[in-house]
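Engineer: Sending over a structure as structure tokens; questions will come in a sec.
The values are calculated or read from the model by the stated rules, or taken from the named source; none is laboratory data. This structure is a prediction, so every number in the text was calculated from the model and none was measured. Note that we place each Cβ from the backbone using ideal geometry, even for glycine, and neighbour counts take in every protein chain shown. With ligands, DNA and RNA removed, areas are computed over all heavy atoms of the protein, side chains included. Shrake-Rupley method; radii C 1.70, N 1.55, O 1.52, S 1.80 Å.
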Amino acid sequence: MDETFIGGFKHTPRAPSPLPPALPPKDYPYAPARLPPAPPTSGQLAHMSPVERSQALRVPRMEPHLQFMCGPLLRYDTVDAHGIWHGAALIVTADSGSVYDPHPSIAYTWDPARPVPPHTPPHARVRTASAAPTSTTTTSSSHGQTSTSSSGPPTASSHERSRPSFAFELGPHPADPHSVVIPGSPAGGFGSAGGFGAAANGSAMAMPEPASPGTGSSPSACRQEVKGQELWVYAGAGGTFTFWRFALAVPLASHEMVVRYAVNGGQPLEFWVPGRGENMRWAAHSCNGFSSGVNPDDFRGPGFASGYDPVWIDLLTKHHAAPFHVLVGGGDQIYCDSLMREPELQEWAAQTKPEVKRAMPLTEELEAAIDRFFFSHYCQSFRRGAFARANCSIPMLNMCDDHGASIDGFGSYPDDLQRSPVFRHIGARGYFFFLLFQCFIQVEVDGVQDAPGQHAFRSLIIGEPGPYVRFPSHSFLSRLGPRVYILMLDCRAERKKEQVCSPGEYARVFGALNALPAGVAHLVVQLGIPIAYPRLVFLESALESKFNPLVALGRAGALGLSGFVNKFNAEAELLDDLNDHWTARGHKKERNWLIEQLQNFAKAKRIRVTFLSGDVHCAAIGLLKTLRVKGTPELPPAEDFRYMANVVTSAIVNTPPPNGVLTLVSSLATKTHKTLHHINTDETMVPIFTKEPTGQARKHKHIMGRRNWCQVDFDAPAGALVFDIRVEREKGGGETMGYAIRIPPPAW
């Protein structure tokens, strides 16, 4: 077996910081840093002996040895009332190439007395770099008054302009078989302990050498070792593979800390935790894959190995400047549509008569093929490229949407199709693997009780059993600091064509929300699909009509229109996407009820509610607010409990919609909707995108059709949450421009 796959990879000694370290805060104990020698250049390596080269590039070997298929992956859970950070790590190992005596273990270390390195808070970068091009931002004064201002034209900060112009070589990763490191490369340490890259001119710069997980850097350093819990075993034709979960717990200090860890003494990795009284910096993304028919190389700019990597490299660059504490996946962290290309599913997928397809039996061969696909596809996707460097260095907090749970639109098809043997099994196994790979949950091991002490994860809210996936919904309510919580609402497990979440799920969720501790000012509600977004109801009506000639021609395969209908029940291809939306006829009543309930919650608890969504492959900001009565001034946002922004960030990888679709959606963004006027609520879209990331003026200011992600920070002096949508400047270029909106704290 190729040794580069199972043990470690060519390694650059820890890459230097692009900035000299600042003096530590005066109250922190300080010990002089130990500076290692500069890493050898490629030319120097070529003149070394084989022994010298192996010593210079060696990475730690695991003992006992493990053959990684995927991981390490990190997951964030919450911070408890005692100030202890809780999370977990997950690895997947091949049994034939691993030694399990003793069981795999993770050793991790942290040092409460270690000086905090210099960071520039994201919201400070937004202000000083004018990174929000002509973006409408709401700020609050100490008296609760609000004002609206616009920033100037887009200009890159010095940090954004300093990116080297040569190739991005990702650092070593325990499970990436394509890991290659060139000494002095700008991304040589993404995900590795110690930093990333070289100076802008390519020269090596010395930096303090971080301690390995096996040693302490000072008398105050803490070390913990945990044994892996066997979570599940996948048995396929290629052998057996074991999932190992490691529970992590870190007592928070008064300031943020780096936590360094290694599996079985192997390659050192790191992540960051906030100070006990600090609110977290975090990043949000969605749609981490390409749709069928999209060529990834079309999105691969110069210097990148893959079209998947450019925007992730930008996120990792920002993480290097000011580390993120959480990585929020808002849906479609993986695209599973290619399941339909598995050989065993061809007969079922090719069947054009819906009644025959619904009646086809689920065979053992189909069951094995479905599990094989999900296991292999997850391993390949989560250990690949820049995303793998992110998910091992920023603890994830994930929720599923249709592509990531199973197949496009699952839950929004007619009931008879959803309950058919093959279709239902695909959804059930997709949700099983979502829980396993993305939430580190195995229901047969963990159970379905979410009472304190009954489950491995404290933030979990168990809902009702899903009608099609055979599991109850799994929502999460996690602490992002003393002033901020996030609700990851499961809108897929219980979904039906006429329902998003059941009354039972809502009852449990609102029970948890009403129990939030005092002092919380912001609640972020993550919904995979936007709840405040331009409607396409007229298109829904046209596609559902039995008189639509395009549907009839598509079903007949005439005029090349077979692609106009989906392969599952021969309905219009876009109809499942429209049925997924909160504003679809089947969900509109539930949507309006949920908004009103959250308004009541916000008013009673004095907590600002903000929505965070993905799915639509566009960036946008929808807004709900108190309806202005004619002849009276508009209520200031800080004083308005109905003021709820819907930040939409999508997609970090996938292609934007066609220009015609963007124009259509943009034209609908200014349409007046009276749906919520009966509860004194107005709906609108924020015209935040007045300029392109490259500086040109834009005609359509409400919708941005470029790849993007969002960084979020808490502005402590103002008590505001700052959402900075990072939009790709040039297709595949790996650089972004920010469009920021400030969400004021409650002042009612």
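Engineer: Output the residue which, of all residues in the range 442-464 that are in a loop (DSSP other than H, G, I, E, B) and aliphatic (A, V, I, L, M), is nearest to L248 (Cα to Cα). Don't jump to the end; show me each part of the working.
Structural biologist: Step one: list which residues in the range 442-464 are in a loop (DSSP other than H, G, I, E, B), which gives 442, 447-459.
Restricting the remaining residues to those that are aliphatic (A, V, I, L, M) gives 448, 451, 456.
Details: V448: 21, A451: 20, A456: 11 Å.
Ranking the candidates gives A456 first.
Engineer: While we're on this one: Considering only residues of the range 717-729 that are closer than 22 Å to P636 by Cα and touching a Pro at 6+ places or on another chain (Cβ under 9 Å), which is surrounded by the fewest Cβ atoms within 10 Å (Cβ to Cβ)?
Structural biologist: A718
Engineer: Separate question: I'm checking my understanding of the structure. Among residues of the range 89-99 that are surrounded by fewer than 18 Cβ atoms within 10 Å (Cβ to Cβ) and in contact with a strand residue (DSSP E or B) (Cβ under 8 Å, 6 or more places away or on another chain), which one is farthest from L73 (Cα to Cα)?
Structural biologist: S96
Engineer: Of the residues V79, V92, which is touching a helix residue (DSSP H, G or I) at 6+ places or on another chain (Cβ under 9 Å) and among the β-branched types (V, I, T)?
Structural biologist: On the way: V79 fails: touching a helix residue (DSSP H, G or I) at 6+ places or on another chain (Cβ under 9 Å).
Selected residue: V92, the only one of V79, V92 that is touching a helix residue (DSSP H, G or I) at 6+ places or on another chain (Cβ under 9 Å) and among the β-branched types (V, I, T).
Engineer: If a residue counts only when it is open to solvent by 30 Å² or more (accessible area, probe 1.4 Å), which strands (runs of 3 or more DSSP E) contained entirely in the range 230-336 have at least 3 such residues?
Structural biologist: 239-251
Engineer: Does G732 qualify as being in contact (Cβ under 8 Å) with a residue 12 or more places away in the chain and either open to solvent by 30 Å² or more (accessible area, probe 1.4 Å) or out of contact with any Asp or Glu (no Cβ under 8 Å at 6 or more places or on another chain) (or both)?
Structural biologist: no
Engineer: Among (1) farther than 19 Å from C379 by Cβ; (2) surrounded by fewer than 22 Cβ atoms within 10 Å (Cβ to Cβ); (3) modelled with pLDDT under 60, there is one condition A107 misses while meeting the rest; what is its number?
Structural biologist: Going through the list (1) farther than 19 Å from C379 by Cβ; (2) surrounded by fewer than 22 Cβ atoms within 10 Å (Cβ to Cβ); (3) modelled with pLDDT under 60, A107 breaks only (3).
Engineer: Name the pairs: first residue in the range 332-359 and over 23 Å from R492 (Cα atoms), second residue of a type in the set (V, I, T), Cβ to Cβ under 6 Å, at least 6 apart or on different chains?
Structural biologist: Here the result reads W348/V422, each pair linking the range 332-359 to a residue that is of a type in the set (V, I, T).
Engineer: Checking F641 against (1) out of contact with any Phe, Trp or Tyr (no Cβ under 9 Å at 6 or more places or on another chain); (2) open to solvent by 10 Å² or more (accessible area, probe 1.4 Å), only one condition comes out false. Which one?
Structural biologist: Against the list (1) out of contact with any Phe, Trp or Tyr (no Cβ under 9 Å at 6 or more places or on another chain); (2) open to solvent by 10 Å² or more (accessible area, probe 1.4 Å), F641 comes up short only on (1).
Engineer: Applying the selection to the range 465-508, what residues are part of a strand (DSSP E or B), modelled with pLDDT of 95 or more and either of a type in the set (A, V, I, L, M) or open to solvent by 40 Å² or more (accessible area, probe 1.4 Å) (or both)?
Structural biologist: Matches in the range 465-508: L477, V484, I486, L487, M488.
Engineer: Moving on to the next point. I'd like the full set of residues that are hydrophobic (A, V, I, L, M, F, W, C) and either modelled with pLDDT under 95 or more than 17 Å from the chain's Cα centre (by Cα) (or both), limited to the range 78-93. Before the answer, list the steps.
Structural biologist: Here is the first cut: in the range 78-93, the residues hydrophobic (A, V, I, L, M, F, W, C) are 79, 81, 84-85, 88-92.
Selection gives V79, A81, I84, W85, I91, V92.
Engineer: So in the range 669-693, with the set limited to residues that are surrounded by 17 or more Cβ atoms within 10 Å (Cβ to Cβ) and among the aliphatic types (A, V, I, L, M), which one is modelled with the lowest pLDDT?
Structural biologist: This residue is A669.
Engineer: Tally up the residues in the range 449-476 that are touching a Phe, Trp or Tyr at 6+ places or on another chain (Cβ under 8 Å) and without any contact (Cβ under 8 Å) to a residue 40 or more places away in the chain, please.
Structural biologist: 3
Engineer: Please go through the range 621-644 and pick out each residue that is assigned to a helix (DSSP H, G or I) and closer than 25 Å to G738 by Cβ.
Structural biologist: Within the range 621-644, P637, A638 meet the criteria.
Engineer: Still on this structure, I have one more. Whether any residue in the range 421-432 is in a loop (DSSP other than H, G, I, E, B), touching a residue at least 24 places away in the same chain (Cβ under 8 Å), of a type outside the set (G, A, S) and open to solvent by less than 10 Å² (accessible area, probe 1.4 Å) is what I want to check. Walk me through how you get there before you give the answer.
Structural biologist: Here is the first cut: in the range 421-432, the ones in a loop (DSSP other than H, G, I, E, B) are none.
Within the range 421-432, not a single residue is in a loop (DSSP other than H, G, I, E, B), touching a residue at least 24 places away in the same chain (Cβ under 8 Å), of a type outside the set (G, A, S) and open to solvent by less than 10 Å² (accessible area, probe 1.4 Å).
Engineer: Please enumerate the residues belonging to the range 712-721 that are in contact (Cβ under 8 Å) with a residue 12 or more places away in the chain and farther than 13 Å from L612 by Cβ. Can you show your working first?
Structural biologist: So the first thing to find is which residues in the range 712-721 are in contact (Cβ under 8 Å) with a residue 12 or more places away in the chain, and the list is 712-716, 718-721.
Passing the criteria: D713, F714, D715, A716, A718, G719, A720.
Engineer: Read through the list (1) at pLDDT 95 or above; (2) outside any strand (DSSP E or B); (3) among the charged types (D, E, K, R), then give the number of the only condition that R75 fails.
Structural biologist: Unmet for R75, out of (1) at pLDDT 95 or above; (2) outside any strand (DSSP E or B); (3) among the charged types (D, E, K, R): (2).
Engineer: How many residues does the range 248-284 hold that are farther than 25 Å from I91 by Cβ and of a type in the set (K, R)?
Structural biologist: Looking only at that region, the number is 2.
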